[in-house]
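Reading through the structure tokens given below for one structure.
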Amino acid sequence: MQKIKTALLSYGMSGKVFHAPFLDLHPGFELLGSWERSKKLIQEDYPTVKSYPLIDELLADDVDLVIVNTPVGTHFEYAKKVLLAGKHAVVEKAFTTTVAEAEELAQIAKEKGLKLAVFQNRRWDSDFKTIQKIINDGLLGDLVEAEFHFDRYNPILSPKAHKETVNDGAGILKDLGPHLIDQAVCLFGSPKSVFADIRYTRENSVVDDWIDLLLIYEDFRVRLKAGFFVREAHPAYTIHGKKGSFLKQRGDVQEDELKIGKKPNHDSWGTELDSFEGLLHTEIDGKPIREKIKTLQGNYFEYFDGVYNAIVNNKPEPVTAQDGVKVMQVIEAAIASNVQKKIIDLQ
């Protein structure tokens, strides 16, 4: 099996939790190491890999793929540098800080014949895969409205300066917002227009930490919400159609299990507790039903399968640069809507 030689641009939480375990276990990847400017941590977990003191040293190595998992405000600069060095790239969310940056990266990748993917791993969450199947199977009929939440209770400011200081990549709109927006666009396509309310709710916060976005489609509406003062969570997904409804809590276990050092496997990985099963209330063949629906298995491994097939077999990326552009268009429209207090049409 052809090996894709891969390096990370940082080995903080995202590198340690979301990338390295999969790159290490996937037979199609070889983890070469990570750029580490101060803390040298990757070799504690993977003794045979390299710790690069400089990004230029990393790019000069025999690297095929680079994971751009640095703070959001640096994504454009580093991803552009990676692509111009002739390397394929995976860029974490938010893809960039502006639509123009996203479009420029997409154009560079196209001109150079390189693969450029956005790391939207939440498409492979167990809860999202389940609602996607419910919708695709037509169990709710024509959709009327959907509401997605990414709620937490965490009033304390993050110790990470890039998350809590005013910069182009800070704030919940570009942190949790891309997960929600990408899921909506993945399911329903780009909306016609956007209306947004963006707030600062935590004491001493100087970055947005509460969002309420309304995505306006031709025949239905999608509301996306995220905040840090939700002690008793709503259903993460509420979808109403003309035949019925589906309600589902956020129950994916992958992040929590990765954080405590569990390794992904193909048997039981990504399996939710039965208590998080969603509620389907609809009718099938004219007969009303109201029952719990078993949650599908989540698996971020499938994302890395997609990246492998994109590079080795020239398949489309699992989340394309154009997908990233669409998310940034919604984010820019939301910012404009909040400032102008009006609905913003997407071009």
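The values are calculated or read from the model by the stated rules, or taken from the named source; none is laboratory data. Quick caveat, the model's predicted, so the values are computed rather than measured. As a convention, Cβ positions derive from the backbone with ideal geometry for all residues, glycine included, and neighbour counts pool all protein chains shown. With ligands, DNA and RNA removed, areas are computed over all heavy atoms of the protein, side chains included. Shrake-Rupley method; radii C 1.70, N 1.55, O 1.52, S 1.80 Å.
Residues that are open to solvent by less than 30 Å² (accessible area, probe 1.4 Å), in contact (Cβ under 8 Å) with a residue 60 or more places away in the chain and within 30 Å of A20 (Cβ to Cβ): does segment 272-287 have at least one? Scanning segment 272-287, I find at least one residue that is open to solvent by less than 30 Å² (accessible area, probe 1.4 Å), in contact (Cβ under 8 Å) with a residue 60 or more places away in the chain and within 30 Å of A20 (Cβ to Cβ), so the answer is yes.
Within the option set I156, I211, being at pLDDT 95 or above, farther than 30 Å from E283 by Cα and outside any helix (DSSP H, G or I) holds for one residue only, I211. Do we have I135 as over 18 Å from K326 (Cβ atoms) and either open to solvent by less than 30 Å² (accessible area, probe 1.4 Å) or among the basic types (K, R) (or both) here? In short, no. Of all strands (runs of 3 or more DSSP E) completely enclosed by segment 42-112, which ones contain at least 3 residues that are more than 27 Å from H179 (Cβ to Cβ)? Fully inside segment 42-112 and qualifying: 50-52.
Please specify each residue of segment 40-98 satisfying the condition of being among the hydroxyl-bearing types (S, T, Y) and farther than 19 Å from K112 by Cβ. Matches in segment 40-98: Y46, T48, S51, Y52, T70, T74, T97, T98.
Scanning segment 221-258 for residues that are in a loop (DSSP other than H, G, I, E, B) and open to solvent by 40 Å² or more (accessible area, probe 1.4 Å) gives R231, E232, A233, H234, P235, K242, K243, Q249, R250. In segment 170-199, the residues that are on the phi < 0 side of the Ramachandran plot and surrounded by 19 or more Cβ atoms within 10 Å (Cβ to Cβ) reach residues that are assigned to a helix (DSSP H, G or I) and among the polar types (S, T, N, Q) with C-beta atoms within less than 6 angstrom, at least six apart or across chains, in these pairs: V194/S337; F195/S337; A196/S337; A196/N338; I198/N338. Test P264 against the criterion of being in a loop (DSSP other than H, G, I, E, B), open to solvent by less than 30 Å² (accessible area, probe 1.4 Å), under 17 Å from E92 (Cβ atoms) and in contact (Cβ under 8 Å) with a residue 60 or more places away in the chain, and give yes or no. It is false that P264 is in a loop (DSSP other than H, G, I, E, B), open to solvent by less than 30 Å² (accessible area, probe 1.4 Å), under 17 Å from E92 (Cβ atoms) and in contact (Cβ under 8 Å) with a residue 60 or more places away in the chain. Screening D142 on (1) closer than 19 Å to F95 by Cα; (2) in contact with a Phe, Trp or Tyr (Cβ under 9 Å, 6 or more places away or on another chain); (3) surrounded by fewer than 16 Cβ atoms within 10 Å (Cβ to Cβ) shows it passes everything except condition (1).
Counting the residues of segment 312-325 that are farther than 15 Å from A109 by Cβ and within 13 Å of the chain's Cα centre (by Cα) gives 0.
Among (1) modelled with pLDDT of 95 or more; (2) small (G, A, S); (3) part of a helix (DSSP H, G or I), which single condition is S275 missing? S275 satisfies all of (1) modelled with pLDDT of 95 or more; (2) small (G, A, S); (3) part of a helix (DSSP H, G or I) except (1). Please determine whether any residue of segment 13-29 is under 29 Å from E257 (Cα atoms) and over 23 Å from the mean Cα position of the chain (by Cα). Yes; the residues of segment 13-29 include at least one that is under 29 Å from E257 (Cα atoms) and over 23 Å from the mean Cα position of the chain (by Cα).
How many residues does segment 60-74 contain that are over 21 Å from Q2 (Cβ atoms), of a type in the set (A, V, I, L, M, F, W, C) and buried (at least 17 other Cβ atoms within 10 Å of the Cβ)? Qualifying residue count, segment 60-74: 2.
Scanning segment 85-100 for residues that are over 14 Å from V327 (Cβ atoms) and in contact with a Lys or Arg (Cβ under 6 Å, 6 or more places away or on another chain) turns up just one, H88.
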